[in-house]
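Remarks on the structure that follows.
The values are calculated or read from the model by the stated rules, or taken from the named source; none is laboratory data. These numbers were taken from a predicted model, which means no experiment stands behind them. As a convention, Cβ positions derive from the backbone with ideal geometry for all residues, glycine included, and neighbour counts pool all protein chains shown.
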Amino acid sequence: MVDILIVTWNGLGALQRCIRSVGEHTRLPHRILVWDNGSTDGTGRWLARQRGIAPFRSRVNLGISAGWNQLFRRAGSPIVVRLDDDTRVPSGWMEKLLEPLEDPSVAAVGCKFVTPEGRLRATEFIPPVFPRPLGEDGPQWRYTRTVEAVGGPCCAFRADALRRVGGYSQALSDQAEDVDLCLRLRCRGYRVAYVGSLAVVNQALNRRRWPFVDRNRRVFRSRWLGFSGFPRPDSHEIDRRYLRAWRLYQRGSYADVLKELQPIADSPLRECGAQFVMALAHRARGDIPRARALIRGLVREHSVNGLLAEGAWAMDQGCRSQARRAVERGIRHFPGEPAFRFLRAQLLRSGRGGSRGLRSDYRTALRHLPASRDPFPMERILGIPGLSL
């Protein structure tokens, strides 16, 4: 028996689709527990009428981390699965997700998640919040191995390991709380696994629900940015190279960054993230042609990082038409990514005055971007302060 835990807030339609997909595609014995964080859209009444679901409710929104912890305390299975309410699972999903937990040293397992259009949203993370770049899905993302951290809408955990580290940190909510949990598990000697053969669909509706992004970033960085405990002795070689390259970049050793990442960029896995950081290093060294060549390669693959860099660099050089093409392509392929709308707002604002589209894009983007209103918040993408093009 596995306990599937879902936290929801004013997302009845998404919750219904999520639970329907679980019912249709889950063969293993399971129980569904739902924490309603004070919804006012009829979620509580709908849950009360459902059979096979254990509903719990708070009168006010406690925050997503508090909701997960409430469910952890009520779960009775040795394995618990966190499932976001705006997620849909495919056939055979639970078997794939639980397989790495056959190794007793593994305490957390995550998977790949994609947009409803099938675009890759994220895979796994390297501290401090160093995400794999978003873009087209492909064989290079379908690996299964131990990683530093997983996050997002579908994760499995050992219940005893969660109790040992105290569950989710309630100082974090709706951003980085899952990565923080994984890092605390890693510090206790547990391993974390990523299953690239499993892709769940996630709409990312929760980004509009718990507006604590700026606070979370500050809290997370205060805990982990200066932490020297990574890489761990059992860290994968790819993660080791990323972390060493990050520290070299912070010290301004850009030539050493390139040496560290070149073997990854040339590997069969074809690490797009390595190519992106190498582009930043080339740019910092003044080698603009090489930087742009790497970025253009990422743009061809519809990488979020590549398209953002292409748009921002074109704006910086005054090439409005080129910037507009990159931004519009980003909006088309990644409609849920606010940074593209912010860049488009910047383009409109730098043109002949405002418009209704400018106001809409600007408001949408600013709700998700840091208080600094950086027109190209690269640190939000990489989790590194002061890193800018």
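Only residues that are buried (at least 20 other Cβ atoms within 10 Å of the Cβ) and either in contact with a Ser or Thr (Cβ under 7 Å, 6 or more places away or on another chain) or not β-branched (Val, Ile, Thr) (or both) were counted across the stretch 255-264, and they come to 3. If you go through the stretch 213-231 one residue at a time, how many are of a type in the set (D, E, K, R) and surrounded by fewer than 16 Cβ atoms within 10 Å (Cβ to Cβ)? Matching residues across the stretch 213-231 total 3.
If you filter the stretch 95-110 down to residues that are out of contact with any Cys (no Cβ under 8 Å at 6 or more places or on another chain) and of a type in the set (A, V, I, L, M), you find that the one that is nearest to Leu183 (Cα to Cα) is Ala107.
Does at least one position in the stretch 83-94 carry a residue that is out of contact with any Cys (no Cβ under 8 Å at 6 or more places or on another chain), closer than 24 Å to Leu183 by Cα and of a type in the set (D, E, K, R)?
no
Restricting attention to the stretch 305-327, the residues that are closer than 23 Å to Ala122 by Cβ and modelled with pLDDT of 70 or more add up to 9. Does Val179 count as assigned by TED's automatic domain parsing to the domain that holds Pro78, surrounded by 20 or more Cβ atoms within 10 Å (Cβ to Cβ) and part of a strand (DSSP E or B)? So Val179 does not fit the description; no. For beta carbons closer than 8 Å, sequence separation of 6+ or different chains, a first residue in the stretch 279-290 that is crowded, with 19+ Cβ neighbours inside 10 Å and a second that is not in a helix (DSSP H, G or I), the qualifying pairs are Leu280/Leu387; Leu280/Leu389; Arg283/Leu389.
Taking residues in the stretch 246-267 that are assigned by TED's automatic domain parsing to the domain that holds Ala279, and partners anywhere that are part of a loop (DSSP other than H, G, I, E, B) and modelled with pLDDT under 90, the pairs with Cβ atoms closer than 6 Å and at least 6 places apart or on different chains are Ile264/Glu271; Ala265/Glu271. Of the strands (runs of 3 or more DSSP E) contained entirely in the stretch 21-119, those carrying at least 1 residues that are surrounded by 21 or more Cβ atoms within 10 Å (Cβ to Cβ), in contact (Cβ under 8 Å) with a residue 60 or more places away in the chain and in the same structural domain as Ala199 (by TED's automatic domain parsing) fall at 79-83, 106-114. Counting the residues of the stretch 229-272 that are part of a loop (DSSP other than H, G, I, E, B), at pLDDT 80 or above and among the polar types (S, T, N, Q) gives 2. Only residues that are basic (Lys, Arg) and either in contact with a strand residue (DSSP E or B) (Cβ under 6 Å, 6 or more places away or on another chain) or crowded, with 24+ Cβ neighbours inside 10 Å (or both): list them for the stretch 139-176, please. Across the stretch 139-176, the qualifying residues are Arg142, Arg158. Restricting attention to the stretch 190-209, does a residue exist that is assigned to a helix (DSSP H, G or I), modelled with pLDDT of 85 or more and farther than 30 Å from Pro104 by Cβ? Scanning the stretch 190-209, I find no residue that is assigned to a helix (DSSP H, G or I), modelled with pLDDT of 85 or more and farther than 30 Å from Pro104 by Cβ, so the answer is no.
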